[in-house]
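Undergrad: Input: one structure, supplied below.
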Amino acid sequence: MSLTIKFWGVRGSLPSAPPPIDWTYHIEGILRNFFSMGYRDPSQVSKYIQNMEVPLLGGYGAATTCVEIQSQKSQLIIDGGSGIRNLSERIMTGTTGRSKGPFHIFMTHFHWDHVIGLPFFTPHFIPGCEVHYYAVQPELEKLIRGIFSRPYFPVPFEALKAKVIFHVLEPRKAYKLDDFTITPYKLDHPDPCWGFKVETGGKAYAHCVDTEGTRITREELGEDLPLYQNVDLMYFDAQYTLPELAEKANWGHSAAQVGLDIALREGIRKILFAHHDPGARVEQVLELKRQTREYYESRERFASQNNDNLPAVSWDFAHEGLEIKL
Ligand SMILES: [Zn+2]
Ligand SMILES: [Zn+2]
């Protein structure tokens, strides 16, 4: 295994969990299902739980964007949404042997949902730690310093105990970090947002959140097309249904069908859809899944009517805590 990707936060726009009353109904449904499947004995509960998909039990998660990528030699993090707090907890328990870092945090952009967890990344406060930040945006240092400032956060940047180093990346130019090659490409978002293609050991991950996917054809994508080519796993923004996407033009988020079209054309082998709407309950994400399946099947029917074959692509909607090995 040369590339392991863990999704510590997959929610978009705002950390958001269903209110307790929704969980009450959800748990009632799980219990009813237990009995309707013919189970009767408490000793069967573990088997019942193990056979259910994680989101059907626990939902898709509350935390916003944070993705950890590990190669055989190194580790990097994309974005510091609220999901970075749980990653920080794991780092501080020392199970990875990397509690002093260096840590490498690549920023797509600086909307709240992508920076809100940064003050809770504990290595910032540990003497001897190194935290490196990377972004295409030239104002990177100013923006990160602004997060650690009163009255938004009580510990000013100057009081951080770690050594914090900033690296401004050149657009579309490959950057080497240990055994990783990371290349930033522009996404379609109201404030400039840069996706990353992360490559190592012959495997490639494309991080495409947040994006509206307004440029779809190869011609429109132009110099950003390589983000979608020779990719093993694409992480794509699917906050909306297709009708919502039409209503929310220029909001900077997309729909699964848009990502699926790109993946089928470029031969991407696997897609995970994310940036789930803060208001989306489990049932709503499952409805997005149903609509995506319907669309995929319509593409299959169209292809077979034209004596064509669709390339094999597997897809799903990401949940918090999901880990993928490529
Ligand atoms: Zn976002
Ligand atoms: Zn954004």
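The values are calculated or read from the model by the stated rules, or taken from the named source; none is laboratory data. Keep in mind the model is a prediction, meaning the values are calculated, not measured. FYI the Cβ positions are ideal-geometry reconstructions off the backbone, even for glycines, and counts take in every protein chain you see. Just the protein is used for accessible areas: all its heavy atoms, side chains included, with ligands, DNA and RNA removed. Shrake-Rupley method; radii C 1.70, N 1.55, O 1.52, S 1.80 Å.
Undergrad: Would you work out what percent of the accessible area of the chain, with all protein chains in place, is carbon or sulfur (probe 1.4 Å)?
TA: On the way: 8130 of 15170 Å².
Roughly 54 percent, rounded to a whole number.
Undergrad: Further question on the same structure: Placing unit charges on C-beta atoms (Lys and Arg positive, Asp and Glu negative, everything else neutral), compute the dipole magnitude of the chain about its Cα centre in debye, rounded to 20.
TA: Numbers: 34 positive and 40 negative charges, 196 e Å.
In total the dipole reaches around 940 debye.
Undergrad: Could you list which residues have their amide H under 5 Å from that of ALA204, counting only those 5 or more apart in sequence or on another chain, with H placed in the peptide plane?
TA: HN-HN under 5 Å from ALA204: ASP232, LEU233.
Undergrad: What FRET efficiency would be calculated for the residue pair ASP41, ASP261, taking the C-beta separation as r and a Förster radius of 56 Å, to the nearest 0.05?
TA: Numbers: r = 48 Å, r/R0 = 0.85.
The calculated FRET efficiency here is 0.70.
Undergrad: So, R0 is 41 Å and r is the distance between the beta-carbons of LYS161 and ALA249; what FRET efficiency does that work out to, to 0.05? Can you show the working numbers first?
TA: On the way: r = 45 Å, r/R0 = 1.10.
For LYS161 and ALA249, the calculated efficiency is 0.35.
Undergrad: Roughly what would the spin-label model give for ILE49 and THR181, points 7 Å off Cα along C-beta, in nm?
TA: Placing both labels 7 Å beyond Cα along the Cβ direction yields 4.5 nm.
Undergrad: Can you give the charge dipole size of segment 184-271 about its Cα centre, rounded to the nearest 20 debye, using +1 on the beta carbon of Lys and Arg and -1 on the beta carbon of Asp and Glu? Each step should come with its number before you reach the end.
TA: Working: 9 positive and 15 negative charges, 75 e Å.
Taking the Cα centre of segment 184-271 as origin, the dipole is about 360 debye.
Undergrad: Kindly identify the chain as rounded, prolate or oblate by the Cα gyration tensor criterion: order the square roots of the eigenvalues as a ≥ b ≥ c, call it rounded if a/c is under 1.5, otherwise compare a/b with b/c, prolate if a/b is larger, else oblate. Intermediate results must be reported in sequence, preceding the final value.
TA: Numbers: a/c = 1.67, a/b = 1.18, b/c = 1.41.
Here the chain falls in the oblate category.
Undergrad: Still on this structure, I have one more. Label points 7 Å out from Cα along the Cβ direction at LEU14 and ASN307: separation in nm?
TA: 5.5
Undergrad: Quick one: compute the contact order of the chain, relative version, from alpha carbon pairs under 8 angstrom and 6+ residues apart, as a percent.
TA: Details: 667 pairs, mean separation 62.1, N = 326.
Once normalised by length, the contact order is 19 percent.
Undergrad: Say R0 is 41 Å: what FRET efficiency, to the nearest 0.05, do ARG172 and ARG150 get from their beta-carbon distance? Let's see the in-between values first.
TA: Numbers: r = 37 Å, r/R0 = 0.91.
Given R0 = 41 Å and the Cβ-Cβ separation, E is 0.65.
Undergrad: Any idea how far the Cα center of segment 148-204 sits from the one of segment 206-258, in Å?
TA: If we compute the Cα centre of each part, the gap is 20 Å.
Undergrad: Return the subset of LYS176/LYS325; LYS176/LYS289; LYS47/LYS289; LYS73/LYS248; LYS6/LYS248 for which the Cα-Cα distance in this structure is over 32 Å, preserving the input order. Mind dumping the intermediate values first?
TA: Numbers: LYS176/LYS325 21 Å; LYS176/LYS289 36 Å; LYS47/LYS289 25 Å; LYS73/LYS248 42 Å; LYS6/LYS248 29 Å.
Flagged as over cut-off: LYS176/LYS289; LYS73/LYS248.
Undergrad: Moving on. For GLU219 and GLU300 in one chain, what is 0.36 nm times their gap in residues minus the Cα-Cα distance, to one decimal in nm?
TA: On the way: separation 81, 0.36 × 81 = 29.16 nm, distance 2.47 nm.
Going from the current span to full extension adds 26.7 nm.
Undergrad: Determine the shape class of segment 218-326: with a ≥ b ≥ c the square roots of the Cα gyration tensor eigenvalues, call it rounded for a/c under 1.5, and otherwise prolate if a/b is greater than b/c, oblate otherwise.
TA: Values: a/c = 1.34, a/b = 1.27, b/c = 1.05.
Rounded is the answer for segment 218-326, as its axis ratio a/c remains below 1.5.
Undergrad: Loop only by DSSP, 16 or fewer other Cβ within 10 Å of the Cβ. Give me the GluC sites (Glu not before Pro) in segment 30-120 that pass, ordered by residue number.
TA: For GluC sites (Glu not before Pro) across segment 30-120 that sit outside H, G, I, E and B with at most 16 neighbouring Cβ atoms in 10 Å, the list reads GLU53.
Undergrad: Which value in deg cm²/dmol, rounded to the nearest 500, describes the helix-derived mean residue ellipticity at 222 nm for the chain, given -39,500 (n - 2.57) per DSSP H run of n ≥ 4 and division by the residue count? Numbers along the way, then the final one.
TA: On the way: 10 runs with 94 residues, N = 326.
Mean residue ellipticity, 222 nm, calculated: -8500 deg cm²/dmol.
Undergrad: Please name whichever of GLY252, MET234, GLY202 sits farthest to the positive end of the charge dipole of segment 195-326, dipole taken about the Cα centre and charges placed at Cβ: Lys and Arg +1, Asp and Glu -1.
TA: Checked the options; the winner is GLY202.
Undergrad: How large is the dipole of segment 6-53 about the Cα centre if only Lys and Arg carry +1 and Asp and Glu carry -1, each at its Cβ, rounded to the nearest 20 debye?
TA: Details: 5 positive and 4 negative charges, 28 e Å.
In total the dipole reaches around 140 debye.
Undergrad: Now a separate question. Amide H neighbours of THR108 under 5 Å, at least 5 residues apart or on other chains, H built in the peptide plane: list them.
TA: Excluding prolines and chain starts, which carry no amide H, the hits are ASP79.
Undergrad: Using a probe radius of 1.4 Å on heavy atoms only, what accessible surface per residue do you get for the chain? Whole Å² is fine. Before the final figure, lay out each step's value.
TA: Details: 15170 Å² over 326 residues.
Value for the chain: 47 Å² per residue.
Undergrad: In addition: Please give the residues of segment 260-285, grouped as numeric ranges, whose backbone N is less than 14 Å from a label point set 7 Å along the Cα-to-Cβ vector of LEU242.
TA: Only 260-262 fall inside the zone, counting backbone N under 14 Å.
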